[in-house]
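To keep things clear, I will list the structure first and then write my remarks on it.
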Amino acid sequence: MYSIAAPHAKGKSAEDNIFAANNRAIALAKEIGVENVTNATVGSILDEDGSLVVLDVVKQELKNLTPPEFCAYAPIKGYDEFLKDCIDQCFGKSRPEGYIDACATPGGTGVLHHVVHNYSEPGDEVLITDWHWGAYDSLIDDNNRKVRTFSFLTSDGHFNAASFKENVEDILKKQDNIVIILNGIANNPTGYCMSVAEWQSAVDVLKEATKDETKNAILIADVAYLDYSGEKEECREFFKVFGGLPKNILVVCAYTLSKGFTMYGQRMGAMIGISSDKDVIKEYVDINQYSSRATWSNCNSAAQHAMIRICQDPEKIKQLDAERAKYYKLIQERAAIFVEESQKEGVKFVPYISGFFITIPVTNSQAVCDILEKDHVFMVPLKKGIRLAVCSVSKKKMHGLAHKLALAIKEAGAQQ
């Protein structure tokens with residue numbers, strides 16, 4: 001193919017298997033009816049009738065915005081009230097000890113971009129879990145860095161601290177900074193949640209590995225699914241382990257309004273930095289504001305103001321919490337149906353605790369998904385398995401899904 005792209009850009013493509021499968025499901029639903037299609041690809045909450053869930057309190061505040069609130073330029077850093085609200089919403093009663101500041105980003109993806117761009121060098125390895133959101137790969141690659149994975153879970157289904165330690169130490173032998181993306185709360189794609197003790201074990205590895213102060217560790221805690229990972233305050237207790245760390249360990253929480261506020265397409269989030277050193281946090285804000293100006297400039301004003309309106313009113317926060325709890329319960333009920341029926345069908349799945357997804361480890365995943373699509377069931381093939389979006393499949397359609405999956409695995413000659 002004739003190309004005039006720069007060498008680092010040649011051959012890249014934005015085709016995404018999640019959106020591709022979703023588009024096929026939507027097209028078929030228009031043809032034969034939504035009730036006849038099971039779309040288990042969507043990383044958004046769909047109601048029992050298949051419609052997109054937008055929290056009532058969010059819909060109301062978006063409608064209440066004035067023209068300047070939804071059309072005016074926002075500050076590059078983000079509105080101060082918005083950033084304060086993001087910090088409060090993220091940590092709840094478990095705010096870690098240290099200096100904390102934040103910058104607005106277009107969703108959690110913007111957080112990942114800035115940290116990879118500003119805290120690693122071209123050619124560096126960025127460490128992620130083997131079970132991960134596929135966009136991590138392209139985000140790291142597009143910044144001219146290399147993906148390194150470690151085994152997220154042990155054979156008995158717990159955080160693999162030994163694999164994490166081995167890879168952290170090996171990378172730091174070759175480079176002075178290590179950037180780690182750890183989606184350990186309601187993990188996409190598995191639904192696994194690290195315990196407080198497991199988060200502590202990860203931090204302990206970093207403290208040991210950076211005793212040489214010429215080495216720095218930057219840990220991104222991707223908490224996109226935080227608000228659907230458990231009881232509001234209990235699921236946030238792990239944040240405390242990020243307090244009082246050595247100054248050469250920076251923790252960045254990738255916070256987004258996409259899930260917790262159901263404002264997916266508004267593309268709004270915040271990168272929340274935590275450090276024991278005042279200078280590290282000042283530099284953090286300075287360099288990330290600069291990168292914002294050099295990439296997207298500023299962020300969505302409407303979404304920021306909608307959040308501010310909600311968070312300044314205690315009654316609206318109560319409504320927000322109640323609606324989140326309602327949909328958390330619904331997702332858990334859907335997952336319970338699949339888990340129970342999978343166990344009866346002999347279909348194995350990665351340990352699920354909470355969140356939007358369940359993962360079925362299987363070989364030949366594309367062939368299995370192709371067979372399922374013949375039965376009007378759409379899932380997402382991964383390198384090592386298949387992702388099922390329990391957030392988007394009604395309880396009615398969840399019944400019998402494990403049986404269809406078992407048949408497809410057998411027909412494809414796949415192994416678990």
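The values are calculated or read from the model by the stated rules, or taken from the named source; none is laboratory data. Keep in mind that this is a model prediction, so the values were computed, not measured. Ideal geometry is used to build each Cβ from the backbone, glycine not excepted, and the neighbour counts take in all protein chains shown. To get the accessible areas, we keep the full protein, side chains included, count just its heavy atoms, and leave off ligands, DNA and RNA. Shrake-Rupley method; radii C 1.70, N 1.55, O 1.52, S 1.80 Å.
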message: Here is a list: Thr256, Thr295. Which entry is open to solvent by 20 Å² or more (accessible area, probe 1.4 Å) and of a type in the set (Val, Ile, Thr)?
response: Thr295
query: From the residues in region 115-145 that are open to solvent by 10 Å² or more (accessible area, probe 1.4 Å) and aliphatic (A, V, I, L, M), which one is farthest from Thr359 (Cα to Cα)?
result: Leu139
- prompt: If Phe349 passes every condition in (1) part of a helix (DSSP H, G or I); (2) without any contact (Cβ under 8 Å) to a residue 40 or more places away in the chain but one, which one does it miss?
  reply: (1)
- prompt: Based on what the data block shows, is Thr363 buried (at least 20 other Cβ atoms within 10 Å of the Cβ), within 25 Å of the chain's Cα centre (by Cα) and under 23 Å from Ile18 (Cβ atoms)?
  reply: no
- prompt: For the subset of region 189-228 comprising residues that are of a type in the set (S, T, N, Q) and open to solvent by less than 10 Å² (accessible area, probe 1.4 Å), which member is nearest to Lys93 (Cα to Cα)?
  reply: Thr190
task: Run Ser155 past the list (1) open to solvent by 10 Å² or more (accessible area, probe 1.4 Å); (2) at pLDDT 95 or above and report the number of the one that doesn't hold.
output: (2)
task: Looking only at region 307-326, decide whether some residue is touching an Asp or Glu at 6+ places or on another chain (Cβ under 8 Å), open to solvent by 10 Å² or more (accessible area, probe 1.4 Å) and not in a helix (DSSP H, G or I).
output: yes
field: Number of positions in region 144-163 that are in contact with a helix residue (DSSP H, G or I) (Cβ under 6 Å, 6 or more places away or on another chain) and either more than 15 Å from Gly123 (Cα to Cα) or aromatic (Phe, Trp, Tyr) (or both)
entry: 4
statement: Scanning region 374-403 residue by residue, the ones that are part of a helix (DSSP H, G or I), out of contact with any Asp or Glu (no Cβ under 6 Å at 6 or more places or on another chain) and buried (at least 18 other Cβ atoms within 10 Å of the Cβ) total 3
